[in-house]
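To start, the structure under review is shown below, and the notes come after it.
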Amino acid sequence: MNHSPLRFDRLDAAEQAGRAREFLERMRTRRSIRHFSPEPVPLELIETAVRTASTAPSGANQQPWRFVVVTDPALKREIRAGAEAEEKENYGHRFPPEWLRALEPFGTDWHKEFLETAPVLIAVFRIDYGIAPDGGRVKHYYVSESVGIAVGFLLAALHVAGLATLTHTPSPMGFLGRILGRPANERPFLLIPAGYPAADATVPDIAKKTLDEVMVVR
């Protein structure tokens, strides 16, 4: 494999600290929301965010992700129906009591109207294996880790662009592959509604863990 010179902008200490603080303060304002405005968003914002997500590192640079952007109302309605069918079973039968108790303060249930209200749904798929020219399988490495990193990039990019998001995992998610016509080697990973918050949107009053609780220096 050929190599090329690294392009890396070395910043002075003050600018490093300033950029880091600016990004922290911006990301501190990100919240998952479930109350979206139906107002459309420029597709360019979504495309730029997906381009950003695609810069994420991945195992052997295999980039095992697919981002399916859904704006069609009929498809969104079908996705909502599929998600609510699974979530109704989850809340009614599948979730253990301790999980239901953990969710109770957030007031969530199987109704997922935001899947229709949000102007954009981004269905993230993990590509579990590639397809060789002869039709054989190409093994992919560190798929979940790679796709997870890309999703983090995507959420940050959407937030920086002034859009609100939700990470939604209606388990099992097999219906997404069927509705969106994805091939067998692509498996649903996450569903991200994106758009502007509704004027009356509220969020749970929560706090993040302190630095001492999440970081250890040795």
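Quick check of the Kirkwood formula: for the range 1-49, what is the inverse mean of 1/r over all pairs of different Cα atoms, in Å? Present the calculation step by step, with values, prior to reporting the outcome.
Details: mean 1/r = 0.0655 Å⁻¹.
Hydrodynamic radius (Kirkwood, Cα pairs) of the range 1-49 is 15.3 Å.
Which residue, PRO170, PRO119, PRO97, tops the fluctuation ranking in a GNM of the chain built on C-alpha contacts under 10 Å?
Highest fluctuation among the options: PRO97.
In the range 82-177, what GluC sites (Glu not before Pro) fall in a loop by DSSP, with at most 15 other Cβ atoms inside 10 Å? Kindly include the intermediate steps, with their values, before the conclusion.
Working: sites: GLU84, GLU86, GLU87, GLU89, GLU98, GLU113, GLU116, GLU145; in loops: GLU113.
Answer by residue number: GLU113.
Suppose the chain between ALA74 and ASP205 were pulled fully straight at 0.36 nm per residue; how much longer would it get relative to their current alpha carbon spacing?
Here the answer is 43.8 nm.
Each label point is 7 Å from the Cα along the Cα-to-Cβ direction; what then is the distance between the points at THR167 and THR29, in nm?
About 2.1 nm separates the two model spin labels.
Per the Kirkwood definition applied to all pairs of different Cα atoms, how many angstroms is the hydrodynamic radius of the range 48-102?
After inverting the mean inverse Cα-Cα distance, the result is 14.7 Å.
If each of ALA13 and TYR141 carries a label point 7 Å out from its Cα toward its Cβ, how far apart are those two points in nm?
Spacing of the two 7 Å Cα→Cβ label points: 3.8 nm.
Enter the per residue convex hull volume of the range 13-84, computed from alpha-carbon coordinates, in Å³ rounded to the nearest integer.
171
How do MET1, MET215 stack up against each other in accessible area, from largest to smallest, with a 1.4 angstrom probe?
Result, largest first: MET1, MET215.
Going by amide H atoms built from the backbone, whose H comes under 5 Å of the H on HIS140, apart from near neighbours?
Under 5 Å from the amide H of HIS140: GLY130.
Relative contact order for the chain: what percent, with Cα pairs under 8 Å and sequence separation of 6 or more?
Reported relative contact order: 33 percent.
Can you tell me which lysines have their Cα less than 30 Å from the Cα of LYS208? Leave out same-chain residues fewer than eight positions away.
In chain and number order, the partners are LYS88, LYS112.
Can you give the accessible area of MET27 in Å² (nearest 10), computed on protein heavy atoms with a 1.4 Å probe?
50
Just the Kirkwood number for the range 91-218, please: inverse of mean 1/r across all distinct Cα pairs, in Å, one decimal.
Taking the inverse mean of 1/r over all distinct Cα pairs, the range 91-218 comes out at 17.7 Å.
Checking the cross-link filter: which aspartates and glutamates have an alpha carbon closer than 17 Å to that of LYS76, excluding same-chain neighbours under 8 positions apart?
The qualifying aspartates and glutamates are GLU39, GLU84, GLU86, GLU87, GLU113, GLU116.
For the chain, state what percent of all Cα-Cα pairs lands in each successive 5 Å bin, counting from 0 Å until the bin that includes the largest distance.
1, 6, 11, 15, 18, 17, 14, 9, 5, 3, 1, 0
Residues of the range 107-131 with backbone nitrogen within less than 16 Å of a virtual label 7 Å along the Cα-to-Cβ line of ALA85, please, listed as ranges.
111-112, by backbone N distance to the label point.
Using packing as a proxy for protection, rank 11-18, 44-51, 148-155 so that the peptide with the highest average count of other Cβ atoms within 10 Å comes first.
Those peptides, ordered most packed to least, come out 148-155, 44-51, 11-18.
If you average the C-alpha positions of the range 21-42 and of the range 133-210 separately, how far apart do those two centres end up, in angstrom?
Each part reduced to its Cα centre gives a spacing of 15 Å.
Give, in whole angstrom and from largest to smallest, the semi-axes √(5λ) of the equivalent ellipsoid of the range 68-166, with λ running over the eigenvalues of the Cα gyration tensor.
For the range 68-166, the ellipsoid semi-axes come out as 28, 20, 17 Å.
The values are calculated or read from the model by the stated rules, or taken from the named source; none is laboratory data. Because the structure is predicted, anything quoted here is derived from the model rather than measured. For neighbour counting, all protein chains shown are included, and Cβ atoms are generated from backbone atoms with ideal geometry for every residue, glycine included. These accessible areas exclude ligands, DNA and RNA; they are computed on the full protein's heavy atoms, side chains included. Shrake-Rupley method; radii C 1.70, N 1.55, O 1.52, S 1.80 Å.
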